[in-house]
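Derivation of every value follows stated rules applied to the coordinates shown; laboratory data play no part. The structure displayed is predicted, hence computed values, not measured ones. Heads up, the Cβs are rebuilt from the backbone with ideal geometry, glycines too, and the neighbour counts pull from every protein chain shown.
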Amino acid sequence: MPRRLTNVLRAAAAVAVLGAAAACSSMNLVPASQARPLGYTAAVPLSPGGLATQVTPIGTVITSDGFTVYRFDGDSREPSRSTCAGECARQWPPLVGDGVPELRGVPPELVGTVGRPDGTQQLTLGGWPLYRHAADTAPSDVKGDGVGGKWHAITTDKPKDGR
């Protein structure tokens, strides 16, 4: 499933993107009374923020503070399980925090958390633990997509092969 969401995730994300774009590009899908910023612990300095969609050179991707969000083939989504720790987590900082992040174009029912080996809670989308890539130094960078054949930007675009 390289660079692809599951059919359910892809369909839900596409519907949310189209709805958000039609209504307002900065629509907050979580009531203000429930929204809490994420707290991050990572090698790359991150500011509190949420998840949104953004157009990049590889298509529309899920982002955190404008930076591309990735998933790792070594993790699992059913059940959610994060396996990237130590040096891996320094190169691929996990998005961690508790509470509901601000969401723009991302269906809230697909967002959750999973416990990490260090005791923190990692944000998930469609069950997949979420990461950033330390080499992405500017918003819209997608330098982590395809690394080692195991890291994939989470896209909302329909795959070219129709899957």
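Can you pull the one-decimal nm distance between simple spin-label points at Asp73 and Cys88, each 7 Å off the Cα toward Cβ?
1.3 nm
How far apart, in nm, are the 7 Å Cα→Cβ label points at Ala134 and Asp98?
Once both label points are built, they end up 2.8 nm from each other.
Taking the beta-carbon count within 10 Å as an exposure proxy, list Val61, Val55, Val114, Val147 from fewest neighbours to most.
Going from least to most buried by this count: Val55, Val147, Val114, Val61.
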